[in-house]
Structure formats: structure tokens, C-alpha cells
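Undergrad: Here it is, the structure, as C-alpha cells.
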Amino acid sequence: MRGKLEKEDIVAVTKELLEVHHDFSGLAVDVLCLLDIESSIGNKEEREKYLALLKDILKLFPEACYKERMELDTLGQVGVVEKDKKPFTFVVRMKTKL
């Protein structure tokens, strides 16, 4: 996030890696989750850069892969899912029944 790599270069390299290594998507999404945590505690500029990168790069991965691993808040900020409290209500209700 602090380097000099351009967003387009990162997307291009990721696309090439996915073509060569089909199982790379899970590892890449895990790395994006770690970057999500790091950028959420960093400054606002880094967070905006990360969200812009995430918006472009998530198009390369299977939807199920990143939806099950990434935070709903982050996916809502990117526009992948609607930022709604309904899923949270469901999780809370489910946990209280257990």
C-alpha cells in the first residue's frame, strides 16, 4: 500500500498468476484480507488506495471465494454487497439461539 506499484500493474500481475496457477485465488484473497486489516488501522489515504485496488481486483476472483473470507463492511464499501444490517441481525439471532 505504501509502494510505488500502480493499481493497473497489480491487477495485470494477479491476472497472469491466476492463469498460470488456478489455486492462487484463495491465497490472494487471504492476502487481501490481511491488507484489509492493515489498512483499516492505518491512515485514511491508505484505506482509500486499498479500496480502489480491491474494487478492480475482485473481478478476477470467484465471488464465493472472497464473499466467504472478507469482512462485510469492506465488501459494502467496495459495492460488492449492499451495506445492510440484515446479515448482522441474522448472525446475532443465530448465535443467541445456540
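The values are calculated or read from the model by the stated rules, or taken from the named source; none is laboratory data. Not measured: the values here are computed from a predicted model. Glycine also receives a Cβ, built like all others from the backbone with ideal geometry; neighbour counts cover every protein chain displayed.
Undergrad: Looking only at the stretch 7-63, filter to residues that are in contact with a Cys (Cβ under 8 Å, 6 or more places away or on another chain) and surrounded by 14 or more Cβ atoms within 10 Å (Cβ to Cβ); which one of those is nearest to T74 (Cα to Cα)?
TA: Within the stretch 7-63, the subset in contact with a Cys (Cβ under 8 Å, 6 or more places away or on another chain) is 25-26, 29.
Still in the list and also surrounded by 14 or more Cβ atoms within 10 Å (Cβ to Cβ): 25, 29.
Values: S25: 18, V29: 13 Å.
By that ranking, first place goes to V29.
Undergrad: What single numbered condition from (1) more than 10 Å from the chain's Cα centre (by Cα); (2) free of Cβ contacts under 8 Å to residues at least 12 places away in the same chain fails to hold for V81?
TA: The failed condition is (2).
Undergrad: Does V92 meet the test of being surrounded by 12 or more Cβ atoms within 10 Å (Cβ to Cβ), over 15 Å from I10 (Cβ atoms), hydrophobic (A, V, I, L, M, F, W, C) and modelled with pLDDT under 85? If you could, list the steps in order and put the result at the bottom.
TA: Details: surrounded by 12 or more Cβ atoms within 10 Å (Cβ to Cβ): no; over 15 Å from I10 (Cβ atoms): yes; hydrophobic (A, V, I, L, M, F, W, C): yes; modelled with pLDDT under 85: yes.
For V92, the condition - surrounded by 12 or more Cβ atoms within 10 Å (Cβ to Cβ), over 15 Å from I10 (Cβ atoms), hydrophobic (A, V, I, L, M, F, W, C) and modelled with pLDDT under 85 - is not met.
Undergrad: Conditions: (1) modelled with pLDDT of 90 or more; (2) surrounded by fewer than 10 Cβ atoms within 10 Å (Cβ to Cβ). K86 meets all but one. Number of the miss?
TA: (1)
Undergrad: Report, by residue number, each residue of the stretch 1-46 that is touching a residue at least 12 places away in the same chain (Cβ under 8 Å) and not in a helix (DSSP H, G or I).
TA: Within the stretch 1-46, M1, R2, G42 meet the criteria.
Undergrad: Also: Residue under question is D73, and the condition is that it be assigned to a helix (DSSP H, G or I), of a type outside the set (S, T, Y), modelled with pLDDT of 90 or more and surrounded by 11 or more Cβ atoms within 10 Å (Cβ to Cβ); does it hold? Can you show your working first?
TA: On the way: assigned to a helix (DSSP H, G or I): yes; of a type outside the set (S, T, Y): yes; modelled with pLDDT of 90 or more: no; surrounded by 11 or more Cβ atoms within 10 Å (Cβ to Cβ): yes.
So D73 fails the test.
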